[in-house]
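Notes follow once the structure below has been shown.
The values are calculated or read from the model by the stated rules, or taken from the named source; none is laboratory data. Keep in mind the model is a prediction, meaning the values are calculated, not measured. All Cβ positions, glycine included, derive from the backbone under ideal geometry; neighbour counts span all protein chains shown.
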Amino acid sequence: MIMRTLISDGIVIAPRERLEGGWVLADGERIAAVGRGPPPAADRRIDAAGRFIAPGFIDLHAQGFRGYDLWDPSDENFLRAMRQMAATGVTAAQASVDPTLEVSRIMRPRIGRADGGARLLGLYFETPFISMEKRGAIPPDRVRPPSADLAREILAHSRGILSMITMAPELPGALDLVRLFRAAAGPLGPVVVALGHTAATYDQAVAGIEAGMTHCTHLFNAMPPLGHREPGAAGALLARPEASVELICDGVHLHPAVVRTAVACKGPAGTCLITDCVSARDRRVVDGAPRLADGTLAGSVLSMDRAVANVQRFAGVSLEQAVEMATLSPARAAGCDRAKGSLAPGKDADLVLFDAAVNVSLTMVGGEVVWSAEARNH
């Protein structure tokens, strides 16, 4: 039996407006209606008690969370990570994992599952076709020059589950691989090719964008700094509206002024908040972020609720704009905005309740409550 669930007496953050005294009606796994004023009948009612009702956060770039790796062979450890992510408002995520046959076999049955936590959208390969110089914390043995044979091998074992891959456009043969991956089908549509871990010049980055690179892996991190005579990849990404960018708003990876500059250039519609979070089981957390022994940043311990709170302070944006960067913008970048990213009839009933400080109190995935502060406290 399909259950109609009503979340009422809240402040709804809808695609184009804020609805005071608003409500959202979920009919099974989909949103049936959104409005304000007298609510419709429902089988189950949830009182938002004046809190914000927003679309669920979408983290395009996560490796693990709070002690658990997303690629852990143990299903239970994987689910622990996804359930803890749900406690921070995340309803959907991409897993940044190694592009190996073994990892694809582990992850394939997890695509699309919720099981009491965030839903896994697809896989995000940050290797192997990246710059050795700009690999960051990625081990050198995971970096390989562009090869059509290797690309086809990766596509063969990840077909239907690979949703995004990072590449450095300056590498010989890279642009041909951009077209190869873009022609492949992922779980959300064509595979998205992201520009990142790159030493590209401005012209090389523009060539990558024009070849079909529509996204950027953590802007400014693992790429040369923006220069006034050689803008580099960062300059190209800021200047070209067709490419969306990721920002890690933990106050460590990027200075707040840089976040403000990026958002001013790209706007909320072109900016995607991510965590790049890791399990941090085997990393020292120093000054707010995991690091290698030499001090190189190795992911983050950021959560999406804190990213939404931080970007408001860093960039001087409204709550609605911050939410857009954590919901509709990443949904567009990944190709799932027809189903996710905003509270609109027909879309997935993925939503989150939080207060003005973005403290999450309830997370719903596909019409089911997967995390509740009230339940946790009882």
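A few notes on this one:
- Hits in the range 138-151 (condition: within 16 Å of GLU126 (Cα to Cα) and not in a loop (DSSP other than H, G, I, E, B)): PRO140, ASP141, ARG142, LEU150, ALA151
- Of all residues in the range 339-362, exactly one satisfies the criterion of being among the hydroxyl-bearing types (Ser, Thr, Tyr) and under 24 Å from ALA269 (Cβ atoms), namely SER342.
- The listed residue being under 17 Å from the mean Cα position of the chain (by Cα), among the basic types (Lys, Arg) and part of a helix (DSSP H, G or I), out of ARG105, ARG83: ARG83
- Residues of the range 341-367 satisfying the condition of being part of a loop (DSSP other than H, G, I, E, B) and over 23 Å from PRO187 (Cα atoms): ASP355, ALA356, ALA357, VAL358, ASN359
- Filter result for ARG142 (surrounded by fewer than 20 Cβ atoms within 10 Å (Cβ to Cβ), among the basic types (Lys, Arg) and out of contact with any Ser or Thr (no Cβ under 6 Å at 6 or more places or on another chain)): no
- Only listed residue being of a type in the set (S, T, N, Q), more than 19 Å from LEU362 (Cβ to Cβ) and surrounded by fewer than 24 Cβ atoms within 10 Å (Cβ to Cβ), chosen from SER8, SER74, SER96: SER74
- Filter result for THR296 (of a type in the set (Ser, Thr, Tyr), surrounded by fewer than 21 Cβ atoms within 10 Å (Cβ to Cβ) and touching a residue at least 40 places away in the same chain (Cβ under 8 Å)): yes
- Flag for ARG18 being in contact (Cβ under 8 Å) with a residue 40 or more places away in the chain, in contact with a helix residue (DSSP H, G or I) (Cβ under 6 Å, 6 or more places away or on another chain) and surrounded by fewer than 21 Cβ atoms within 10 Å (Cβ to Cβ): no
- Filter result for ALA207 (within 25 Å of ILE58 (Cβ to Cβ), modelled with pLDDT of 95 or more and over 17 Å from the mean Cα position of the chain (by Cα)): no
- If you go through the range 348-376 and keep only what is over 17 Å from ASP47 (Cα atoms) and surrounded by fewer than 21 Cβ atoms within 10 Å (Cβ to Cβ), you end up with ALA357, GLY366.
- Taking the range 88-117 as the range and being in contact with a Lys or Arg (Cβ under 8 Å, 6 or more places away or on another chain), touching a residue at least 60 places away in the same chain (Cβ under 8 Å) and not polar (S, T, N, Q) as the test, the residues that pass are ALA92, GLY112, GLY116, GLY117.
- Residue check, ALA92 in a loop (DSSP other than H, G, I, E, B), within 17 Å of LYS340 (Cα to Cα) and in the same structural domain as ARG284 (by TED's automatic domain parsing): no
One line per residue, one yes/no per condition, for (1) among the small types (Gly, Ala, Ser); (2) within 22 Å of GLY295 (Cα to Cα); (3) modelled with pLDDT under 95:
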| position | (1), (2), (3) |
| --- | --- |
| GLY235 | yes, no, no |
| ARG240 | no, no, no |
| SER244 | yes, no, no |
| LEU247 | no, yes, no |
| VAL252 | no, yes, no |
| THR261 | no, no, no |
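- Close pairs from the range 154-170: first charged (D, E, K, R), partner buried (at least 24 other Cβ atoms within 10 Å of the Cβ), Cβ under 7 Å, at least 6 apart: GLU170/THR198; GLU170/ALA200
Each row is one residue, and each column tells you yes or no for (1) closer than 27 Å to ASP337 by Cβ; (2) touching a Lys or Arg at 6+ places or on another chain (Cβ under 7 Å).
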{"site": "ALA269", "(1), (2)": "yes, no"}
{"site": "ARG284", "(1), (2)": "no, yes"}
{"site": "GLY295", "(1), (2)": "no, no"}
{"site": "GLY299", "(1), (2)": "yes, no"}
{"site": "VAL308", "(1), (2)": "yes, no"}
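- Within the span defined as the range 117-130, every residue fails to be modelled with pLDDT under 95, assigned by TED's automatic domain parsing to the domain that holds LEU79 and of a type in the set (A, V, I, L, M).
- The set of residues from the range 267-290 being among the charged types (D, E, K, R) and either surrounded by 21 or more Cβ atoms within 10 Å (Cβ to Cβ) or free of Cβ contacts under 8 Å to residues at least 24 places away in the same chain (or both) comprises ASP276, ASP282, ARG283, ARG284.
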